[in-house]
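> Please read through the structure below; I'll follow up with questions.
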Amino acid sequence: MKFIFPQNYNFNNKLFGVIEYPTLFFNIIWGILVYFISCIFSASIVLQVAIFISLFFPVLLFSIIGFNHESIVYILKYLYFYFKSPKYYLYKKG
């Protein structure tokens, strides 16, 4: 069976059809970072779980739901370039 995709169709590989791989790697790195931060700053397991949930799950939800189907990695890249030179984006004629 052959499938014909139009030329303007953007085909992205996704894990389980939900999350793109660069976003998945970003979420894994963010989760490991949040886990180590919660282990350093708290002694009780309940506080560690609360810190992990409050810092990790909002980022995970934004990466799955997204902003207009944009990857969170690209959004962070756009924010970095904007904060680096905001006048370029405000006065750019397009």
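> Over segment 21-87, with the other protein chains present, what is the accessible area per residue in square angstrom, probe 1.4 angstrom?
Details: 5060 Å² over 67 residues.
Counting only protein heavy atoms, the per-residue value for segment 21-87 is 75 Å².
> In the full protein assembly as shown, how much of residue 46 is accessible to a 1.4 Å probe, in Å² to the nearest 10?
Roll a 1.4 Å probe over it and residue 46 shows about 110 Å².
> If each of residue 84 and residue 68 carries a label point 7 Å out from its Cα toward its Cβ, how far apart are those two points in nm?
With each label placed 7 Å out from Cα toward Cβ, I get 2.1 nm.
The values are calculated or read from the model by the stated rules, or taken from the named source; none is laboratory data. Note that this is a predicted model, so its numbers are computed, not measured. Cβ sites come from the backbone with ideal geometry, for glycine too, and all protein chains shown count toward neighbours. Side chains are part of the model used for accessible areas, which takes the heavy atoms of the whole protein and leaves out ligands, DNA and RNA. Shrake-Rupley method; radii C 1.70, N 1.55, O 1.52, S 1.80 Å.
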